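The values are calculated or read from the model by the stated rules, or taken from the named source; none is laboratory data. Only a predicted model underlies this, so the values are computations on that prediction, with no experimental measurement involved. We place every Cβ from the backbone using ideal geometry, glycine too, and count neighbours over all the protein chains shown. Surface accessibility is based on the protein's heavy atoms, side chains included, excluding ligands, DNA and RNA. Shrake-Rupley method; radii C 1.70, N 1.55, O 1.52, S 1.80 Å.
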Amino acid sequence: MSGTVVIGSQFGDEGKGKITDFLAEAADIVVRYQGGNNAGHTIVINEKTFKLNNLPSGVIQGKKVMIAAGVVLDPRNLEKEINAFEQEIDMIIDPRTHIIMPWHCVLDSAMEEASKNSIGTTKRGIGPCYADKALRKGIRFEDLINENRLKEKINEIFPEKNRALELVYSTPMNMTAEEIFNQYNELGKKFSKYLGDVSFEISNALDDGEKVLFEGAQGTFLDNDFGTYPFVTSSHPISGGVATGAGISINRIEKIIGVIKAYTTRVGEGPFPTELQGNMAELIRKQGNEYGTTTGRPRRVGLLDLPMMRTSVRFNGFTEWALTKLDVLRKIPLSIATSYKIGNKKIQFFPYSSDSLEKAEIEYKDFKPFDFEPENIVSYDDFPKEVKNYLEFIEKETKVPIKIISFGPDRKDTVLK
Ligand code: GDP
Ligand code: IMO
Ligand code: MG
């Protein structure tokens, strides 16, 4: 048994891509098991930057990669990604993986534009594709690569989708069923070589003692059940999602690594208790280059939130933290949220209701600003005392050890603790 999962512990963009790439060196297989091309994972090696949406970050290390059943896959986006990638890719895609169709993207945008309380989705068709999967109206990878079935499915589903889009949102499709079939059929032919039963392959690989790394997308508080609903995504980024997403049993997972940014960011709408405004927000956004990988939107920034992190530990069962972006906080006067107060009650966890969140007063602990030169850091011992105090406080308060520390975007800017 040697399955390791990398999970975003906050609102996404914690640096999962960087940490997955770092860990992939010791892995045999890297798997994506939920989400789709709403994800944007950035990896930097010797100043060369890779931005991945669908491909598991293990491709950079040349590892075998897999796209599991729990993913929603836009083959148009995957094609671009494969074409842009110069190396050969050793990949399989599960036949059960659901396919993002053009009508999903049109509906995602139309719903966002029509809503008074828009979520700020990535408009990649993620929600509508997962909704169709639950409604049993989906098209799967096994259909995409079967010409007759693909035609049958598109002809059955398209008229209904087009009519609903026209009647409800006055935005009919700008493609015909035939055009969609032609485009997707061609992609299906190209991708049929990738067909493979991911659940079966992972299970066999684990039986043979291979190391399998599961790369989460999004973050814990974007989970469809346990995030800040309705400002969430439509899949399950928490660690439980790996079993349903990849088709493996939960007891095959040994390590659950929570990726935690040294502060907090969020893209899109929704509650953000420790959000900063003004100069301080601008400073962190600038130093941390906090602009969305997928959509280029400026990320909202805030302080580290321990009630949120304790709750994240409860949902995910982290066995260790990989802490990222420590370098960004250099020379900044720092605070960490330690608890919330609602009325007279002090609470240590993230409230489940948005009403409570709105009423919550936040209690903070201040820290002395720290500084270090990333070039001089070779091991944990090289960090100054103030950095160690900050990190050890997080460990004590979350009861999870920090094992990996990232202090720059490049693969080399990483030490083990
Ligand atoms: P993901 O979606 O969780 O993989 O994260 P993203 O790639 O969307 O966002 C993280 C951003 O921070 C990327 O631009 C990374 O290159 C960058 N990054 C990752 N770790 C560090 C770090 O320790 N320091 C700095 N300065 N940047 C980092
Ligand atoms: P990675 O894997 C940050 C956010 C969107 C929006 C909400 C719903 O790079 O961490 P969706 O398109 O999924 O229906 O949008 O979720 N969101 C992300 N935020 N990182 C991501 O992925 C995200 N994927 C979706 O901004 O608020
Ligand atoms: Mg990202």
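Taking 0.36 nm per residue of separation and subtracting the current Cα-Cα distance, fully stretching the chain between K359 and E373 would add 1.0 nm.
Normalised by the number of residues in the range 98-193, the mean separation of alpha-carbon contacts (under 8 Å, six or more apart) gives a relative contact order of 30 percent. Charged neighbours of A69, selected by a Cβ distance under 9 Å, balance to +1 (K, R count +1; D, E count -1).
Heavy-atom surface analysis with a 1.4 Å probe gives the range 98-193 a carbon and sulfur content of 48 percent of its accessible area. Across all directions, the average projected area of the convex hull around the alpha carbons of the chain is 20.2 nm². Result for the chain in a Gaussian network model with C-alpha springs under 10 Å: among D355, D223, D327, the largest mean-square fluctuation is at D355. Loop-resident chymotrypsin sites (Phe, Trp or Tyr not before Pro) (DSSP state other than H, G, I, E or B) in the range 295-374 with no more than 12 further Cβ atoms inside 10 Å of their Cβ: Y352.
Taking amide hydrogens as placed 1.01 Å from N in the peptide plane, the amide H of I139 sits under 5 Å from those of I99, each at least 5 positions away in sequence or on another chain. 3J(HN,Hα) along the range 357-367: 4, 5, 7, 5, 9, 9, 9, 10, 10, 8, 10 Hz, from the Karplus curve 6.51 cos²θ - 1.76 cosθ + 1.60 with θ = phi - 60°, whole Hz, x for Gly and Pro. Computed from phi, the 3J(HN,Hα) profile of the range 137-144 under the Karplus parametrisation 6.51, -1.76, 1.60 (θ = phi - 60°) reads 10, x, 10, 9, 4, 5, 7, 4 Hz, with x in place of Gly and Pro.
Only lysines eight or more places from K161 in sequence, or on another chain, were considered; those with a Cα closer than 29 Å are K80, K116, K123, K133, K137, K151, K153, K189, K190. Over 23 Å apart at the Cα level, from the set K345/K368; K368/K396; K325/K403, are K345/K368. Each Lys or Arg adds one and each Asp or Glu subtracts one; over the other residues with Cβ under 14 Å from the Cβ of P273, this totals -1. Remark: the chain carries 44 Å² of accessible area per residue (probe radius 1.4 Å; ligands, DNA and RNA excluded).
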